[in-house]
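Before any comments, here is the structure.
Every read-out reported here was derived from the displayed coordinates using simple, explicitly stated rules and does not represent laboratory data. In this text the structure is predicted, and so the values were computed from the model without any measurement. In this analysis, Cβ positions are derived from the backbone assuming ideal geometry, glycine residues included, and neighbour counts consider all displayed protein chains.
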């Protein structure tokens, strides 16, 4: 099984005629994602890799049928309008790829999504993959590489780093451990689906038997995952790596969302909380496959 997207999900791409939109349309289509339409205002009637382009999300929905997911590849300043348009049209999941989206805009998107019962991943995300089923966004770069690096299996992956999202999954695949779904939650301080929400989805997925989380300093995402475990709302084995061990208070590490203010969101507090609730903490990314194989070997047959 998979969370968020599968081979039946009907996907549109907002900003499909831009450079990134066109390149990632090819990735998604070549991988097997069911891309049914693209949207770029003023470009209706064109097509990109045989995907018809419409002027609005509502028009795409009317002409092509219901839409499950929109992948957004528009400039940061236009993300708010594109996202609200998709949500208001009835799209239930958005993948917001651009970075530098103003926080106020993200908060407005989050409020509208909550009002309409929709969800979004990002902003500042590479997207997500359900191996063998669909890719949303730009993970893998090319379809051939995505097929090679990501294999279907029982390990769920959630990461705050785009590069580490791919690297962890690649190393798991090399160790013979496939993935159920791989999610880059995004590197900004305010995102849609964060680690706790992704873990809750993994908990509900019968084919996800363990999870791997790449965390970082800044925000309280990892501490909230610990709260889930403590409250019995996430019960599957969790392997966690936390980046930013050497960062000092007030220093930004890697992403906009990775900054320590005082003791909140520090490496020490995250590791301490996860240790307390029984998560498996590793000191190096390269330790993840061995720990996953150890856990897989001890699971009930």
### Query
Say each of residue 6 and residue 268 gets a label point 7 Å from the Cα, pointing the same way as Cα to Cβ; how far apart are those two points in nm?
4.6 nm
### Task
Before anything else, pin down the relative contact order of the chain: Cα pairs under 8 Å, at least 6 apart, normalised by residue count, whole percent.
14 percent
### Task
At 20 °C and 1.002 mPa s, grab the translational diffusion coefficient of the stretch 103-167 from Stokes-Einstein with a Kirkwood Rh over Cα pairs, rounded to a whole number in µm² per second.
160 µm²/s
### Distance between the stretch 105-143 and the stretch 165-237 - C-alpha centres, whole angstrom
15 Å
### Task
Quote the relative contact order of the stretch 151-301 in percent (integer), defining contacts as alpha-carbon pairs under 8 Å separated by 6+ residues.
24 percent
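Tell me, what is a quarter of the convex hull surface for the C-alpha atoms of the stretch 151-301, in nm² with one decimal?
8.1 nm²
Contact order normalised by length for the stretch 1-125, with contacts defined as Cα pairs under 8 Å and 6 or more residues apart; what percent is it?
21 percent
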### Task
Take the Cα coordinates of the chain, assign each an equal point scatterer, and use the Debye formula without solvent to give log10 I(q)/I(0) at q = 0.10, 0.16 Å⁻¹.
-0.51, -1.26
### Message
Can you order the peptides 5-12, 270-277, 203-210 by their average number of other Cβ atoms within 10 Å per residue, highest first?
### Response
5-12, 270-277, 203-210
### Task
For residue 104 and residue 294, calculate 0.36 nm times their separation in residues minus their Cα-Cα distance, and state this gained length in nm to one decimal.
64.0 nm
### Task
Please say if the stretch 15-62 is rounded, prolate or oblate, where rounded means a/c under 1.5 for a ≥ b ≥ c the square roots of the C-alpha gyration tensor eigenvalues, and otherwise the choice is prolate for a/b larger than b/c and oblate otherwise?
oblate
### Query
Once the Cα atoms of helix 76-89 and of the chain are each reduced to a long axis, what angle between those two axes, in degrees from 0 to 90 to the nearest 10, is obtained?
80 degrees
### Query
So what's the back-of-envelope 222 nm ellipticity for the chain, counting only DSSP H runs of four-plus at -39500 (n - 2.57) apiece and dividing by all residues, rounded to 500?
-11000 deg cm²/dmol
### Query
How far is the Cα center of the stretch 2-75 from the Cα center of the stretch 270-295, in Å?
38 Å
#### Entry: Per-peptide average of other Cβ atoms within 10 Å, ordering 121-132, 46-57 highest first
121-132, 46-57
### Task
Once you've got the GNM for the chain with C-alpha springs shorter than 10 Å, pick whichever of 42, 156, 186 has the biggest mean-square fluctuation.
42
